[in-house]
């Protein structure tokens with residue numbers, strides 16, 4: 001099951017693009033594995049590496065100042081395209097705990113909940129302000145406080161942004177529940193129901 005998420009502090013990295021689809025996040029040639037591991041190095045691989053396989057110095061996430069980033073800020077409609085859950089795995093396995101954007105594709109957002117990746121939706125002006133601050137302050141860190149639904153940039157004068165989140169999604173993330181874990185919370189009730197309604201399970 002996913003790890004519980006309550007607060008996280010980390011470096012913010014910018015990827016100044018809109019409509020980033022899942023094939024850009026994790027290209028199809030890396031989906032052959034039956035394991036759920038090993039996707040992180042291939043995150044944004046077509047942008048991350050040059051034709052000779054070396055890191056592309058012009059790609060923002062390759063800059064040394066973002067080497068240990070764990071909060072990603074992007075433009076609108078992040079995660080559009082196909083429904084591959086591998087896209088969320090790649091983002092997480094590259095070290096990111098949260099993604100900030102004006103909007104997310106529905107399937108990507110739902111897959112994120114299942115895997116414990118927090119997607120934070122802010123207005124376009126708020127996201128633009130974050131981009132500007134990240135550019136201005138090298139190594140800018142932020143804290144995500146899920147309990148209070150707040151993202152705080154640790155500037156000389158801190159700036160905080162409130163974000164909305166569905167109550168059920170918050171419960172999933174705070175308690176580290178996937179769909180199986182959520183079902184198991186009601187294990188006793190399920191067993192009782194089955195015993196009452198299935199003669200094969202009823203006590204002799």
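The values are calculated or read from the model by the stated rules, or taken from the named source; none is laboratory data. Source: prediction; values computed, not measured. Glycine gets a Cβ as well: all are built from the backbone with ideal geometry, and neighbour counts include every protein chain shown.
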*Any residue in segment 163-172 that is in contact (Cβ under 8 Å) with a residue 40 or more places away in the chain, touching a strand residue (DSSP E or B) at 6+ places or on another chain (Cβ under 8 Å) and within 18 Å of residue 69 (Cα to Cα)?*
no
*asked:* Among the residues in segment 45-55, are any in contact with a helix residue (DSSP H, G or I) (Cβ under 9 Å, 6 or more places away or on another chain), closer than 30 Å to residue 154 by Cβ and either in contact (Cβ under 8 Å) with a residue 40 or more places away in the chain or part of a loop (DSSP other than H, G, I, E, B) (or both)?
replied: no
*asked:* Which count do you get for residues in segment 1-10 that are over 23 Å from residue 107 (Cβ atoms) and outside any strand (DSSP E or B)?
replied: 2
*Which of (1) surrounded by fewer than 17 Cβ atoms within 10 Å (Cβ to Cβ); (2) touching a strand residue (DSSP E or B) at 6+ places or on another chain (Cβ under 9 Å); (3) under 22 Å from residue 120 (Cβ atoms) is the odd one out, the single condition residue 83 does not satisfy?*
(2)
*Of the residues 141, 129, which single one is surrounded by fewer than 20 Cβ atoms within 10 Å (Cβ to Cβ), within 15 Å of residue 14 (Cα to Cα), more than 12 Å from the chain's Cα centre (by Cα) and in contact (Cβ under 8 Å) with a residue 40 or more places away in the chain?*
141
*Quick one: residue 49 ticks every box in (1) farther than 19 Å from residue 97 by Cα; (2) surrounded by fewer than 15 Cβ atoms within 10 Å (Cβ to Cβ) bar one, so which box is it?*
(2)
_I'd like the full set of residues that are at pLDDT below 95 and either surrounded by 12 or more Cβ atoms within 10 Å (Cβ to Cβ) or assigned to a loop (DSSP other than H, G, I, E, B) (or both), limited to segment 28-39._
30, 31, 32, 33, 34, 35, 36, 37, 38
*Go through 18, 24, 13 for me and flag whichever is closer than 16 Å to residue 104 by Cβ, under 19 Å from the mean Cα position of the chain (by Cα) and surrounded by 16 or more Cβ atoms within 10 Å (Cβ to Cβ).*
24
*From (1) farther than 23 Å from residue 160 by Cα; (2) more than 12 Å from the chain's Cα centre (by Cα), pick out the condition that doesn't hold for residue 91.*
(2)
